Structure formats: C-alpha cells, structure tokens
Amino acid sequence: MAIVSSGPQSQGRPEATPPPRRLLDPAAAEVPAEPQELVVREDSLRPKRLDDYIGQGELKQVLRIAVEATRARAEALDHVLLYGPPGLGKTTMALVLAEELGVRCRITSAPALERPRDIVGLLVNLQPHELLFIDEIHRLNRVAEELLYPAMEDYRLDLTVGKGTTARTRSLPIAPFTLVGATTRAGALSSPLRDRFGLIQRLEFYGLEDLQAIVLRAAGLLDVRLDAAAALEVARRCRGTPRIANRLLRRVRDVASVRGHAAVTAALVHEALSLHRVDGRGLDAHDRRLLTLMLEGYGGGPVGLDTLAAGLGEDPATLEAVVEPYLLQQGLLQRTPRGRLLTEAGRAHLAAAGPVAATPAAGERP
Ligand code: ADE
C-alpha cells in the first residue's frame, strides 16, 4: 500500500479528485472512496501553520500548548482525536501539527486498512515522533483496532506468528509516534480506542467572520480581487465549512473571468451561486427537497430518517452525517425521539425560497 507523506520534507502530489456530488457537499472526497493508495490533494489554500489557521480558537489554543510542551520534552505528541462534521479542517490540522513539530505526517483512512498487514506496514515504517493520520477512524475493523492498542500505549506491535497450536505472539518495538484520528462520528468509536487518545477535540462550524477571513485569504492566494462584502456573501452560503467556501470561491472566479469582471462584488457572488441553485443561506436544491418532502409529504413531521432517505433516494447515514448537521445547526430541522421535525424557521425558509419538487427532476441527480 502506498501512503503519501506530507510534511516539511515532502508534499502530497496532486490527484484526480472525483467531482463532488454536490457543490455544497462538505464530504466531497478528499481521498478516493475505496483507496488502495491514499493521496491528499495538494491544496495551495490549506494553511500550513497554526498562525495561518483561521478560527477554531479553542482547538488551536489546546494544540499550541501541547505542541510547545512536546517540543520542549523532545517527545512524540500525545495521540489526538479530532471529531466533527466533514470539511472543517481535520486533515489540515493534522498537517499543521506535523509542520509545527517539524515531522512528517502519513495519511490514511480506515477503509484502506482492511488487512492486518496494511496497518502493520504503516506502523513499522514510522520514524520517531511522526504523525499517522487515520481518517474515518470509526470504520477501523477489530483486528486493526486491536493492533493499535499496544502501538498507541507502549509503541509496540503484538504480532501473531504461525497458526493453530504453534501460534505465538511476538512483540515488536516501533518508533514513538502520534496517532491523529479523525471522525465525523465520535460516538461510533469503541471506548477502548477513544480512551487511548490524550487529546479529544471537537471542530465546530465556523462563524461568519472567520469564514469571511478565510475567503479573503483564499482570494489573495488565488489572485482574485474580491471585496469584504463579496467575501461575506460567500461566507453566508458555505454552510460554516471552509472547504465549501473555497469551492464556491472557485465557481465565482469562473463566472467573473468568463464575464470579464476584474473584481468580484457581492452582486456577482449572488448571481454566480444562483446559477448553482445555492440560496442566500447556503442551501441547495437537495436541502430544499428534503425540507419540502417533510412539509408536503409529512406535514412537517415528525418523520423517520429512513423514510426521508428512501423518499429522496439517499443513504440514511449520508443524510444524517452530511446533509442534516447544517440544517440542524441553522435551526431549520430538529431531531426528536419521534423523528425529524421541520421547524418554523424551516417553513419560513421554504416559503421565502419557494418549494422544489420533492422527487428529483429529470436529469437531476438525487
Ligand atoms: N482554508 C481552509 N480552512 C482554513 C482555515 N481554517 N484557515 C485558513 N485558511 C483555510
């Protein structure tokens, strides 16, 4: 298995990333869905150091202290678990940590660690104090997870050699390292695994001001002239998620260049993103279809997740982990013990935006 290492000595190489299913999909694959080989897209917009990383103040404060103390002791940083919705910068933060510590970060994802030898290969090749980033860590299989326990605790691999009655366990020392685990579903982690992380930190949706600053920073790096009002319009539509903000900015840049505008204004952002059916609150046709199905199909709910997923031709887990968090955070939708409920704000948003057909229009992907 190949692993791309990123850090002071090397950078991830570019890859052909599959196009996002939706412009507003925060989880749009950073790594291929079924990776044999994991390559983090080289992204010139990623902040490289803690000082460049905008927002997530509490997280940065905690990690800054941990990094400083670790450097002073010349040890490996304690294992870090980062959790929260997709697109908020978990991978970026792992790369920033590596940069701050002056070590390499090896990047993988739990679905790529199918066979024991995948994780063993990774662990035995780690150099002292390096970071190992495992995305979607809640999807690790039991064998991989059990190999990780002594590795995390004592920097040791317990390997079974031989079969049947001749099988015996051999312990192999490995370099002191830091596991950075990332997950959108902290609750899905087993407690023995969770308990082995010294730092457990949640990433929050970003506020408008931070998003505006992220858009302005990205515009500078992309050489796009864009004023503060235009940056705020992008910020309003990106669902609290920098990954989406940067993607929207690229689409706005396309429209500006095709229309021959030297500078991007708020009006141009509105026009460019309306083309993609992204409304002023960052909802797209997909979100409005969900809210419309709740309103028109179920009188606003409560209605079960599986029922909604079936009605939209969507996977329930994706609906729950990817689509719902922002709608919940915006107060448009509520989770109740009896099912999902459309709120007054949700009804008002639909009334203002106009409902869309609850079933996908011809030619439109669900
Ligand atoms: N680009 C994406 N996320 C960012 C962040 N948190 N700070 C600065 N630039 C970013």
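Readers should treat all values here as calculations from the given coordinates under stated rules, not as data from a laboratory. This one's a predicted model, so the numbers in the text were calculated from it and none came from an experiment. Every residue, glycine among them, receives a Cβ derived from its backbone with ideal geometry; neighbour counts consider all protein chains shown.
Viscosity 0.890 mPa s, temperature 25 °C: Stokes-Einstein D of region 63-208 from its Kirkwood Cα radius, in µm² per second?
156
Mind checking which of G164, L193, L328 is farthest towards the positive end of the chain's charge dipole, using Cβ charges of +1 (Lys, Arg) and -1 (Asp, Glu) about the Cα centre?
Positive-most Cα among the choices belongs to G164.
Give me the percent of DSSP beta bridges within the chain that run antiparallel, rounded to the nearest 5.
Around 40 percent of the beta bridges assigned by DSSP in the chain are antiparallel ones.
Pairs of alpha-carbon atoms within less than 8 angstrom and 6+ residues apart define the contacts here; what relative contact order does the chain have, in percent?
This gives 15 percent for the chain.
How long, wide and thick is the chain, going by the Cα atoms along their three principal axes, in whole angstroms, largest first?
Dimensions of the chain along the principal axes of its Cα atoms: 68, 48, 35 Å.
Taking amide H positions as placed 1.01 Å from N in the peptide plane, with prolines and chain starts having none, which residues 5 or more places from S109, or on another chain, fall under 5 Å of its amide H?
D135
With 18 Å as the cut-off, how large is the P(r) tail for region 175-223, expressed as percent of Cα-Cα pairs? Mind dumping the intermediate values first?
Working: 641 of 1176 pairs.
So the portion of pairs separated by more than 18 Å is 55 percent.
Kindly list the residues of region 236-261 that lie in the label zone of A228, defined by a backbone N under 18 Å from the point 7 Å along the Cα-to-C-beta vector.
236
Would you kindly state how much longer the chain becomes between A188 and K48 on full extension, computed as 0.36 nm times their sequence separation minus their alpha carbon distance, in nm to one decimal?
Extra length from A188 to K48 when fully extended: 47.4 nm.
Amide H of L157: which non-local residues (sequence gap of 5 or more, or other chain) have their own amide H closer than 5 Å, using H built in the peptide plane?
When sequence neighbours closer than 5 places are left aside, the close amide H contacts are L172, I174.
Using 1/(1 + (r/R0)^6) with R0 = 30 angstrom and r between the beta carbons of T169 and L305, what's the FRET efficiency to the nearest 0.05?
The calculated FRET efficiency here is 0.10.
For region 174-329, compute Rh as the Kirkwood radius over C-alpha pairs and then the Stokes-Einstein diffusion coefficient at 4 °C and 1.567 mPa s; write the answer in µm²/s, rounded to an integer.
The calculation lands on 72 µm²/s.
Name the most mobile residue of G162, G299, G198, meaning the one with the largest mean-square fluctuation, in a Gaussian network model of the chain with Cα contacts below 10 Å.
Largest GNM mean-square fluctuation: G162.
Let me have the 222 nm mean residue ellipticity of the chain computed from DSSP H runs of 4+ only, each contributing -39500 (n - 2.57), with the sum over all residues rounded to the nearest 500. Can you show the working numbers first?
Working: 13 runs with 141 residues, N = 366.
Taking each H run of at least 4 residues, the total per residue is -11500 deg cm²/dmol.
Show me, for region 120-137, the HN-Hα J-couplings you get by feeding each phi into the Karplus relation (A = 6.51, B = -1.76, C = 1.60, θ = phi - 60°), rounded to Hz, glycine and proline as x.
Rounded to whole hertz, the list is 4, x, 5, 5, 6, 8, 5, 8, x, 6, 5, 9, 10, 9, 10, 7, 6, 5.
For G181, enumerate residues with amide H under 5 Å from its amide H, sequence gap 5+ or separate chain, H modeled in the peptide plane.
Here V80, L81, L82, I134 satisfy the definition.
What is the distance, in nm, between label points placed 7 Å from the Cα along the Cα-to-Cβ direction at S274 and at V161?
7.1
Roughly how many debye, to the nearest 20, is the charge dipole of the chain about its Cα centre, given +1 on each Lys and Arg Cβ, -1 on each Asp and Glu Cβ, and no other charges?
In debye, rounded to 20, the chain gives about 180.
In region 251-345, how does Rg compare with the Kirkwood Rh, expressed as the Rg/Rh ratio over alpha carbon atoms?
In region 251-345, Rg relative to Rh is 1.11.
Can you give the Rg to Rh ratio of region 42-135, both from alpha-carbon atoms, with Rh computed by the Kirkwood formula?
Computed over Cα atoms, the ratio is 0.96.
Excluding A186 itself, what net charge comes from residues whose Cβ is under 10 Å from its Cβ, given Lys and Arg +1 and Asp and Glu -1? Write down the numbers at each step before the final one.
Values: positive: R185, R194, R202; negative: none.
Net of charged neighbours comes to +3.
Which of L82, L126 has the fewest other C-beta atoms within 10 Å, and how do the rest follow up to the most?
Numbers: L82 28, L126 22.
Result, fewest neighbours first: L126, L82.
Which of these, A285, A230, A309, has the largest mean-square fluctuation under a Gaussian network model of the chain (Cα springs below 10 Å)?
A309
Who wins for biggest fluctuation among T91, T108, T336 in a Gaussian network model of the chain, springs between alpha carbons below 10 Å?
T336
Report ³J(HN,Hα) in whole Hz for each residue of region 52-66, in order, from the Karplus equation J = 6.51 cos²θ - 1.76 cosθ + 1.60 where θ = phi - 60°; Gly and Pro get x.
8, 7, 8, x, 6, x, 5, 4, 5, 4, 4, 6, 4, 5, 4
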